[in-house]
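K.L.:
My questions will all concern the structure given below.
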Amino acid sequence: MEPIFQCVPNFSEGRRPEVVQAIADAIAATPGARLIDHSADADHNRCVMTFLGPAEAIRAAALAAARVAVARIDMRIHTGVHPRTGAIDVLPVIPLWNATREQAIALAHALGSDLASELALPVYFYEWAAVPGRPAALPDVRRGGLEAFAHLPLIGAKAPDLGPAEAHPTAGIVLVGARGPLVAYNVNLDTPDVQIARAIARRIRQERDTLPELAGVRALGLFLASRNCAQVSMNLTRPEQSPLPAVFAFVQAEAARRGVSVRESEIIGAIPEAALGGVPPAAILWKDYKPGQILETWKAGH
């Protein structure tokens with residue numbers, strides 16, 4: 001079997017369904033690429049695409065989607081609660097089946113070259129793809145958000161790995177990475193008090209180096225105006241060590257300590273089956289669960 005990769009680009013658009021659909025259509029129309037999930041959120045003002053395929057199909061589909069994003073998204077007027085740095089905000093590739101870390105790094109570097117040369121985007125590599133001597137962790141690479149890069153000469157510590165030394169006037173910059181499995185996980189609380197979500201997120205950051213069930217969990221507390229609720233928004237960067245049930249239980253317990261309950265949880269994109277820790281989706285109040293969000297569902301097709 002040829003190497004198969006997963007690609008999970010995040011685009012800074014979640015309020016115009018026609019733009020989200022145009023990005024999805026560009027991926028779906030690429031031969032060899034299989035779009036298995038996409039979702040958008042108006043409060044985050046962000047959409048996430050998940051597609052699978054061999055390296056050349058991933059490369060072609062990512063570039064096709066990026067062309068749409070650069071043409072249709074203007075970061076000068078973008079607002080949203082999620083950190084962001086560009087129209088194509090992050091573009092990670094993950095070795096999935098019969099693929100290696102080194103192949104994923106090579107693919108990420110090829111994608112970065114495409115985005116820099118064709119779309120004139122400053123490119124910053126992260127995680128496995130990071131250039132030696134440069135920051136590797138995503139929060140470090142995008143620290144300060146778009147405002148830390150726009151309208152400034154990108155020199156010194158801010159110099160891109162590829163592309164021009166100034167942000168694209170409407171599309172900002174792009175972060176391209178190679179990494180292992182990651183679970184984008186949100187827990188919505190039954191309260192509009194964002195300070196509670198921020199306190200829980202702070203507890204996660206404080207405890208993740210001491211509690212095994214929180215290993216590698218990154219967390220923010222956000223307010224979702226459209227749903228009038230607070231959200232603990234997380235990335236599980238080591239889902240094999242911190243499976244969803246354990247993280248859910250921690251958030252639920254911390255919320256209960258503060259007198260509130262959990263309304264629901266959300267998975268953005270697709271996850272390895274093992275991340276569920278052997279429990280049914282209902283056990284973590286997974287909202288809008290779809291069987292296709294389990295990666296193993298698609299393995300037979302490759």
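K.L.:
For region 52-71 and region 102-152, write down the distance between their C-alpha centroids in whole Å.
P.N.:
Each part's Cα centre sits 16 Å from the other's.
K.L.:
Still on this structure: For a label point 7 angstrom out from the Cα of TRP97 toward its Cβ, which stretches of region 156-183 have the backbone nitrogen within less than 19 Å?
P.N.:
180-182, by backbone N distance to the label point.
K.L.:
Quick one: of the DSSP bridges fully inside region 32-183, what percent are antiparallel, nearest 5?
P.N.:
Percentage antiparallel, nearest 5: 55.
K.L.:
Can you give the extra length, in nm with one decimal, that the chain gains between VAL279 and ALA253 once fully stretched, where that is 0.36 nm per residue apart less the Cα-Cα distance?
P.N.:
Taking 0.36 nm per residue and subtracting the Cα distance, the gain is 7.5 nm.
K.L.:
For region 155-239, place one equal point scatterer on every Cα, skip the solvent, and apply the Debye formula. What is log10 of I(q)/I(0) at q = 0.13, 0.24 Å⁻¹?
P.N.:
-0.62, -1.00
K.L.:
Ok, one more. For every other residue with a beta carbon closer than 9 angstrom to the beta carbon of LEU175, add +1 if it is Lys or Arg and -1 if Asp or Glu, then tell me the sum.
P.N.:
It works out to a net charge of 0.
K.L.:
Please list, in order, the residues from region 79-95 whose amide nitrogen is less than 13 Å from a point placed 7 Å along the Cα→Cβ vector of MET1.
P.N.:
Backbone N within reach: none found.
K.L.:
Given points 7 Å out from each Cα along the Cα-Cβ axis, report the ARG227 to THR297 separation in nanometres with one decimal.
P.N.:
Once both label points are built, they end up 1.9 nm from each other.
K.L.:
So, counting K/R as plus one and D/E as minus one, what does the shell of residues with Cβ under 12 Å around ALA129 add up to?
P.N.:
0
K.L.:
Here is a follow-up. Under the rule a/c < 1.5 gives rounded, and otherwise a/b versus b/c splits prolate from oblate, where does region 4-178 land using the Cα gyration tensor?
P.N.:
oblate
K.L.:
Which percent of Cα pairs goes in each bin when the distances of region 183-301 are cut into 5 angstrom slices starting at zero?
P.N.:
2, 12, 24, 24, 19, 12, 5, 2, 1, 0
Throughout, read-outs are computed from the coordinates displayed, never taken from laboratory work. Note that the structure is predicted; figures quoted are calculated from it, not measured. Heads up, the Cβs are rebuilt from the backbone with ideal geometry, glycines too, and the neighbour counts pull from every protein chain shown.
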